[in-house]
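The structure appears below as structure tokens.
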Ligand SMILES: NC(=O)c1ccc[n+]([C@@H]2O[C@H](COP(=O)([O-])OP(=O)(O)OC[C@H]3O[C@@H](n4cnc5c(N)ncnc54)[C@H](OP(=O)(O)O)[C@@H]3O)[C@@H](O)[C@H]2O)c1
């Protein structure tokens, strides 16, 4: 049997329950994975409360009862036709897209072979399960801001939200690429950011951003949409770009409906875009949205094999105690929360 965690209706705190069904058979290109660990990300807690119901609803990903979870680490039980790179018994980790097929908060999941990577034998499943979704989103943000291995060495990069999951993975990636990173950190977290490779750190506060120099090549906002325009004022004239993961796209449509959401989104985007272009005419401005990305997974798998990427796990609980993991994330407690089915 397969046991799956579901949110029965939109609520805060999340209304969670378990349901059971026979084990599914993997179709062509699919892999059946026995889940050893799956993480609870901030987006899961928001979606459990109904966040994103309009836009994610277009993908069938907002209908309650809702199965959540994008990250998976586990053991291959069976493979479908046309699966060539992965075999039963192997340890794997990877991603489920946000869609109608359900989530990874379950004992077993079907995953596309293309979104799985073989895990190192000795790797802890919980440590692996906290990485794919956050790393992929961080990677997409770097790329959409114009940063890649070929141009990152010496680039001046400002990371807002450097103490969070995306922020700390960005510090780890940018250290590998040789960028010069300034990290805006949560209170008392500057030392950690330095240890992850930030050259300069500032604690967040009302004047923290405005006090920084305005010569950054890239700005990454993983913290607060309200800071997006003042962050743009820190770009240098030759800047490559700015990317934010904390844009109001989904919230605008939830709050204002289709027309109101579209108008508000256009206004919000244009406002910061204008601030970016005023500082740096050739800079890109991007609102990052998570989606599985095979290049990101390849970079992650390489880094994992070399022991280069990690996020601390703050809580690991069985599926039956999932409410504690959701509460951990909702409260913003330190370390990622992991479910161990
Ligand atoms: N668009 C997408 O597809 C996508 C995908 C993944 C994540 N996200 C979003 O991106 C953000 C970062 O993700 P994450 O996993 O890194 O989250 P996280 O681990 O919770 O980290 C968020 C960081 O931002 C800081 N922060 C929160 N509110 C802030 C504020 N008002 N002003 C300044 N700093 C603030 C937090 O500091 P404290 O610890 O002090 O609160 C923390 O360091 C989250 O909001 C997440 O929902 C979006």
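The values are calculated or read from the model by the stated rules, or taken from the named source; none is laboratory data. All values derive from a computational prediction rather than experimental measurement. No Cβ is skipped: glycine too gets one built from the backbone with ideal geometry, and neighbour counts run over all protein chains shown.
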Margin query: Can you tell me which of (1) farther than 21 Å from residue 97 by Cβ; (2) in the same structural domain as residue 44 (by TED's automatic domain parsing) is the one residue 329 doesn't meet?
Written below: (1)
Note to self: Out of everything in segment 99-127 that is surrounded by 24 or more Cβ atoms within 10 Å (Cβ to Cβ) and within 16 Å of the ligand (Cβ to nearest atom), what residue ends up being nearest to residue 310 (Cα to Cα)?
What the structure shows: 104
Item checked: Selection from segment 207-226 of residues that are buried (at least 24 other Cβ atoms within 10 Å of the Cβ) and near the ligand (Cβ under 9 Å from one of its atoms) -> 221, 222, 223
Checklist line | Top-ranked residue of segment 227-248 - restricted to ones that are in a loop (DSSP other than H, G, I, E, B) and within 10 Å of the ligand (Cβ to nearest atom), ranked as surrounded by the most Cβ atoms within 10 Å (Cβ to Cβ) | finding: 245
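Take segment 306-334 and flag every residue that is part of a loop (DSSP other than H, G, I, E, B) and within 20 Å of residue 48 (Cα to Cα). Break it down into steps so the answer makes sense when it comes.
Step one: list which residues in segment 306-334 are part of a loop (DSSP other than H, G, I, E, B), which gives 306-312, 318, 331-334.
Those that are part of a loop (DSSP other than H, G, I, E, B) and within 20 Å of residue 48 (Cα to Cα): 318, 331, 332, 333.
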Item checked: The one condition in (1) over 20 Å from residue 43 (Cβ atoms); (2) within 16 Å of the ligand (Cβ to nearest atom); (3) crowded, with 18+ Cβ neighbours inside 10 Å that residue 310 fails to fulfil -> (3)
Notebook entry, point to check: Can you tell me which residue in segment 143-163 is farthest from residue 200 (Cα to Cα), limited to those that are within 14 Å of the ligand (Cβ to nearest atom) and surrounded by 24 or more Cβ atoms within 10 Å (Cβ to Cβ)?
Noted result: 145
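For segment 122-161, which residues satisfy the criterion of being at positive phi and touching a residue at least 60 places away in the same chain (Cβ under 8 Å)? Steps first, answer last, please.
Of the residues in segment 122-161, the ones at positive phi are 146, 154, 161.
The answer is 146, 161.
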